[in-house]
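The values are calculated or read from the model by the stated rules, or taken from the named source; none is laboratory data. Quick caveat, the model's predicted, so the values are computed rather than measured. Cβ coordinates were reconstructed from backbone atoms using ideal geometry, including for glycine residues, and neighbour counts include every protein chain displayed.
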Amino acid sequence: MANTTQALIIGLGQFGMALARRLGELGVEVLAIDRHEQLVQQASSFVTEAVCFDASDERSLARADPARRDLCVCAIGNEAREAAIIVTALLRQMGAPRIVARAPDDLTERILRLVGAHEIVNPERAFGERLANRLVWRNIVEELPLGNDLMITEVHPPPALVGRSLAQLRLLERFAVNVVALRTVAGGATIKPDPERPLAGDDILVLVSRPEAIRKLLEAT
């Protein structure tokens, strides 16, 4: 396949393994690296290539040629923070064009940025925050960050909204919440929202807003 994206995934814990699998499913050529042979063998069934070595060894990592990879992810787990910092620094030194690094805490995040990571992810924190919102507000179906200050949120309309149209509710004016799509559970379709159509209890509204706007909407209704 021409112009196929190439990714280097370092660290095959739960996060790295899931990421490598999904990237492979999306047609990305994935080179997966871990120092544990068992994990490398497991990943070899769904990635382009899986290799066992310690990525904090400069010579070994150089053979993976990070500079020609479209994406390099340092997914090393919480138990090896020093290795994650060293690997991230080496990737930057070797000219990797896009480095995404996993950080388990704020201090590690700051250090990873200093040594060259272009993007930081904390999957445990992100999942915990989304789960907390879903536990407190049961109307929330799913959330997806959209940059640093916006969120895509899927919600079932609260009872106070059911039977009323979007034109009547004026969600953008009242709560700064923009309804960009509507999913109908019965038909399984995603449609452009009709401002005059009354909302049903099993509809799913796809909203774009700041996180605090969703909270205000759900608290007020």
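Tell me whether region 116-123 contains one or more residues that are modelled with pLDDT of 85 or more, on the phi > 0 side of the Ramachandran plot and not β-branched (V, I, T). Taking every residue of region 116-123 in turn, at least one turns out to be modelled with pLDDT of 85 or more, on the phi > 0 side of the Ramachandran plot and not β-branched (V, I, T). For region 91-129, how many residues meet the condition of being small (G, A, S), within 23 Å of L144 (Cβ to Cβ) and free of Cβ contacts under 8 Å to residues at least 40 places away in the same chain? Matching residues across region 91-129 total 4.
Could you look through region 148-168, keep only residues that are in contact with a strand residue (DSSP E or B) (Cβ under 9 Å, 6 or more places away or on another chain) and in a helix (DSSP H, G or I), and pick out the one that is surrounded by the fewest Cβ atoms within 10 Å (Cβ to Cβ)?
For region 148-168, the residue satisfying everything is Q168.
If we scan region 107-121, do we find a residue that is under 30 Å from L8 (Cβ atoms), in the same structural domain as T88 (by TED's automatic domain parsing), in a loop (DSSP other than H, G, I, E, B) and among the acidic types (D, E)? Taking every residue of region 107-121 in turn, none turns out to be under 30 Å from L8 (Cβ atoms), in the same structural domain as T88 (by TED's automatic domain parsing), in a loop (DSSP other than H, G, I, E, B) and among the acidic types (D, E).
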